[in-house]
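Report on the structure given below.
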Amino acid sequence: MCSLMTPSHLSNTPSDSMKMKSGSAVISSDEAAALDVQDQIIELLESFSFSNRDLFSIRLALAEAITNAIRHGNRMDPSKTVTIEWAVSPQQISVTITDEGAGFDPETLVDPTEEENLDRPGGRGVLLIQNFMDEVIYNDRGNSLQIIKQMSASES
């Protein structure tokens, strides 16, 4: 299930007196292992009183980003890993997902909302991530993605 997720690879420790908590996990290219990490991050967010709307947005973006790293970055290669690092404060969450793939240029993705792409299966994960997160930052190589979400002021 989560062959690389051991105490040395998975941590969740307070990093300072401002109630910020950070953690990291290194998982195999296995979607079941990804779910374990997502659940841990969502549980942490619940302890910070993020709204249900924020929790939904973050869970969806995390699932898409980690799945993309496993499927497209690592091409489901069980010998490759995905590194997930997070930092959570009462105001925001930042998660960085890095795979061992060749990377890609996000500017070259087709727009799934254009008429000719509406009937194409898939291809909407990056759009969902961009719409649900406040910031989406790729590294130059395109194999690492940072997503940032500010806590909503109130439940809507």
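Throughout, read-outs are computed from the coordinates displayed, never taken from laboratory work. Since the structure is predicted, the reported quantities are computational estimates derived from the model, not experimental observations. Don't worry about glycine lacking a Cβ; one is built from the backbone with ideal geometry, like all the others, and counts go over all protein chains shown.
Summary of values
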| item | result |
| --- | --- |
| Ranking of S57, S94, S152, S49 by count of other Cβ atoms within 10 Å, fewest first | S49, S152, S94, S57 |
| Amide H partners (placed H, <5 Å) of K80, local residues excluded | S29 |
| In order through the range 46-54: 3J(HN,Hα) via Karplus (6.51 cos²θ - 1.76 cosθ + 1.60), integer Hz, x for Gly, Pro | 4, 5, 8, 6, 5, 5, 4, 4, 5 |
| Within-12-Å neighbourhood charge of S29 [Cβ basis; K, R +1; D, E -1] | -2 |
| Likely footprinting exposure, D30, D140, D134, D36, fewest C-beta neighbours within 10 Å first | D140, D134, D36, D30 |
| Sequence of M133, M76, M151 once ranked by neighbouring C-beta atoms within 10 Å, starting from the fewest | M76, M151, M133 |
| Cross-link reach list, lysines versus K149, counting only Cα pairs under 23 Å and skipping chain neighbours closer than eight places | K19, K21 |
| In order through the range 127-138: 3J(HN,Hα) via Karplus (6.51 cos²θ - 1.76 cosθ + 1.60), integer Hz, x for Gly, Pro | 4, 4, 4, 4, 7, 8, 9, 7, 9, 9, 10, 9 |
